[in-house]
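To keep things clear, I will list the structure first and then write my remarks on it.
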Amino acid sequence: MSRVVLLGVVCDLRDPPRPEDYPPRDPNYVGWSPITREAIEEELASGRYDDPAQQSFDLTEFAELDDGRRVTVREGRGFGGRASDGDYWPHETRERLRLNALTTVGPDEGDPPSNEWLVARLSELGITTDLASLAEVPYRVEFIERVLERLRK
C-alpha cells in the first residue's frame, strides 16, 4: 500500500484558450449561449491575452507517494493579477506567487482548514490515508520553469 509523503501545488502560466477546443456557434440556439469557438476567436482578437499588465496562473494539486508516483488530486483552480503601470512581471516575486497559490487552494474564507476532501479524493484514486497522516505530510508550492524564467527577467 502506497503512503503519501508530500502534498503540493504546481503553479503554471495560464495559456490562452484554443478556439478548436470549443463548439461552433449554433444559429438555431435560443437562450443563454454557451462559450463557442467564435466567442473565443473574438476574445483572442481583442488582445486581452497579449496585455503585459496582466497574468493568469493555473494550479494543479498533487500527492507524491512513497513509491515515487505523483498523482493529480485537483485541477482547475487558479488566480491572476494586474499591474497598474502596464507591466506585470517587474512587480511579481516568488513569495507573492507562493502565497497566492496557497490562498487559492486553501479553505474558503471563514471555513476551517480540512483535508476531508483530500482523503476522499485519494481514496477514489486507490490510496488509503487519514486526516492524521496527512497532517504530518509536508506541503510544497512548485513553479513550472516558464514561471521561474519570467521571475528572473
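Things worth noting here:
- Under DSSP loop assignment and at most 14 Cβ neighbours within 10 Å, longest chymotrypsin sites (Phe, Trp or Tyr not before Pro)-free interval of the chain: 33-153
- Here the label points at TRP117 and HIS91, each 7 Å from Cα along the C-beta direction, are separated by 2.9 nm in the simple model.
- Coupling constants for the stretch 6-14 follow from the phi torsions by the Karplus curve (6.51 cos²θ - 1.76 cosθ + 1.60, θ = phi - 60°), and in residue order they are 7, 10, x, 9, 9, 9, 10, 5, 7 Hz; glycine and proline get x.
- Charge tally in the Cβ shell below 10 Å around GLU75, where Lys, Arg are +1 and Asp, Glu are -1, GLU75 excluded: 0
- Gyration tensor verdict on the stretch 87-153 (Cα atoms; rounded if a/c is under 1.5, prolate if a/b is larger than b/c, oblate otherwise): prolate
- Tensor-based shape of the chain (alpha-carbon gyration tensor, a/c under 1.5 rounded, otherwise prolate or oblate): oblate
- Shape category assigned to the stretch 13-59 from the gyration tensor of Cα positions, a/c cut at 1.5: prolate
- The stretch 1-98: trypsin sites (Lys or Arg not before Pro) in DSSP loop, at most 16 other beta carbons within 10 Å: ARG3, ARG14, ARG25, ARG69
- When the stretch 1-125 is described by a simple charge dipole with +1 on each Lys and Arg Cβ and -1 on each Asp and Glu Cβ, the residue from PHE62, PRO17, ILE40 located farthest towards its positive end is PHE62.
- GluC sites (Glu not before Pro) within the stretch 1-86, DSSP loop, no more than 12 other Cβ atoms inside 10 Å: none
- Dipole axis of the stretch 46-153 (+1 Lys, Arg; -1 Asp, Glu on Cβ), positive-most option in GLY126, VAL141, GLY81: GLY81
- Solvent-accessible ranking of VAL73, VAL5, largest area first, probe 1.4 Å: VAL5, VAL73
The values are calculated or read from the model by the stated rules, or taken from the named source; none is laboratory data. Please read these numbers as outputs of a predicted model, since none were measured by experiment. Note: ideal-geometry Cβ built from the backbone for every residue, glycine included; neighbour counts use all protein chains shown. Ligands, DNA and RNA are excluded from the accessible area calculation, which covers all protein heavy atoms including side chains. Shrake-Rupley method; radii C 1.70, N 1.55, O 1.52, S 1.80 Å.
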